[in-house]
Amino acid sequence: MPEVKLTKTMVDKALPPVNKDQEFYRDTQLKGFGLRVTARGAKSFIVEKRIGRKTRRNTIGSYPALTVDQARKLAQQLLGKIASGVDPLAEKRRALAESVQLCQAFGEYLETRTLKPNTVFDYRRVMREAFPDWQKVPITTITRSMVEHRYRELGQRSKARANNAMRVLRAVLNFATARYTGDGEQPILTANPVQRLSDTKSWYPVDRKQTVIKESGFKAWFEAVLALGDEDPNSYGSVARDLLRTLVFTGLRRDEARNLRWENIDFAENTLTVPDTKNRTPHILPLPEYLLAIFQARRDSATSDFVFPGRDEAHPVVNINRHKESVVKNSGIHFSLHDLRRTFITTAESLDISIYTVKRLANHKLSKGDVTAGYVVTNVSRLRKPMQMISEHLLKLVE
């Protein structure tokens, strides 16, 4: 680094470096004060000082926005801070970190996580609905009291949604704790304010839903489902009818079923494959005879890549709420689409199918602490009989 007296004339005459990105000039009058010239000709004043084992370089400002004399005065102030033990770069880094707003932390959280589209959609909805007025709030100013107050507000509308909102906020702030640091790489958040809910045992107890379509009402429900369709397999009613039957005869989750493509159906092996599942493990199920017949009928008249096409055949069916409400009205059975999954699993358990097979049918991960589960190998062929048993049991209910 050349040593020269920094003056207006010298700075004006300083040329862009050749064959390198930047050149530095040290001031002979004030040690630690210097000029940076980039290959593009941009000029800025710097302060350079060794702090501990590292040389810290801090940009004061650009030329000619700052004159040489102004820059030298600012350099003297910075050098004075450094001499008293203050690290300007650490101060600047901490100030930037402490200014991070919730919306910024949330955006970076989504960028760095591998999340499914539906999960991202749900998280965005939570942020939009539960914390609309916190988006521009610096995360360092979100207090435990704020969290508790907002949690109570949300709980007055829905305890389950209040719990979910705070779990999302907790995840974002945990991410921010690791992401943003200040002096000495210390996190700017020393504690997650959502932790208060755990420390005070304040989480709302929310019972897991146990609703299923009872055997006594299954016939009425099933007949109402059949009434949705017509002779055209591609009509919206027929799509809704066959999607509902698929859900209750396979136990698939809604999106797993509605996103099925014909390439996922193997008519040679009589299986269906869900390549992208909630637990990220491909799910292969044998098709019982009844469901196989439904798929074959749909395949014979298919005009879309999707087994259950929407009104725009380039996309899968999205919303069957109107048809669902029609089933509720005609059968008197109130249900959610996830109730059909619970009905499938409950039916499997009622037939004394082993718990390991039920978990495999539902694509539930086996507990890591279950030693026996590690020795149980359940291939697709072994699932064919229990799938057929479940199908036959459900069909007997509607005979």
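The values are calculated or read from the model by the stated rules, or taken from the named source; none is laboratory data. Please read all numbers here as calculations on a predicted model, not as lab measurements. All Cβ positions, even for glycine, are placed from backbone atoms using ideal geometry, and neighbour counts span all protein chains on display. When the accessible area is computed, the model is the full protein with side chains, heavy atoms only, and any ligands, DNA or RNA have been set aside. Shrake-Rupley method; radii C 1.70, N 1.55, O 1.52, S 1.80 Å.
Summary of values
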| read-out | value |
| --- | --- |
| Set Lys13/Lys81; Lys43/Lys73; Lys116/Lys159; Lys13/Lys49 screened for pairs whose C-alpha atoms are more than 29 Å apart | Lys13/Lys81 |
| Candidate aspartates and glutamates - alpha carbon under 18 Å from Lys219, same-chain residues fewer than 8 apart omitted | Asp242, Glu325, Asp339, Glu392, Glu399 |
| Accessible surface, per residue, of region 240-293 when the full set of protein chains is kept, probe 1.4 Å, Å² | 39 |
| Length released on extending from Asn330 to Ser381, taking residue separation times 0.36 nm less the Cα-Cα span | 14.6 nm |
| Per-residue SASA entry for Asp133, accessible area with 1.4 Å probe, Å² rounded to 10 | 90 |
| Near-label residues of region 217-261 by backbone N, under 15 Å of a point 7 Å along Cα→Cβ of Thr303 | 231-239 |
| Distant-in-sequence amide H partners of Arg56 (H built 1.01 Å from N, under 5 Å) | Lys49, Arg50, Ile51 |
| Built amide H within the under 5 Å cut-off of Ile46, gap 5+ | Gly34, Leu35, Arg36, Ile60 |
| Antiparallel DSSP beta bridges within the chain, percent to nearest 5 | 95 |
| Two-site label geometry, Tyr290 and Lys136: point separation in nm, points 7 Å out along Cα→Cβ | 5.8 |
| Spin-label model distance (nm) - Gln77 vs Leu226, 7 Å beyond Cα toward Cβ | 8.5 |
| Integer Hz, Karplus 6.51/-1.76/1.60 couplings in order for region 106-120, x for Gly and Pro | 5, x, 6, 4, 5, 5, 8, 9, 8, 10, 6, x, 5, 5, 4 |
| Using θ = phi - 60° and Karplus 6.51 cos²θ - 1.76 cosθ + 1.60, couplings along region 338-351 (whole Hz; Gly, Pro as x) | 6, 4, 5, 5, 5, 5, 4, 5, 4, 4, 4, 5, 5, 8 |
| Cut-off 12 Å between beta-carbons: net charge of the residues surrounding Arg254, Lys and Arg +1, Asp and Glu -1 | +2 |
| Dimensionless Rg over Rh [the chain; C-alpha; Kirkwood] | 1.19 |
| Two-site FRET efficiency, Arg280 against Ser62, from Cβ-Cβ distance with R₀ of 41 Å, rounded to 0.05 | 0.25 |
| Accessible area of Met389 in the full protein assembly, 1.4 Å probe (Å², nearest 10) | 70 |
| Label-to-label distance, nm, for residues given as Gln388 and Leu110 (7 Å Cα→Cβ offset) | 4.8 |
| Sequence of His334, His149, His364, His323 from largest to smallest accessible area, 1.4 Å probe | His334, His149, His364, His323 |
| Rounded to the nearest 10 Å², the accessible area of Glu392 at probe 1.4 Å | 90 |
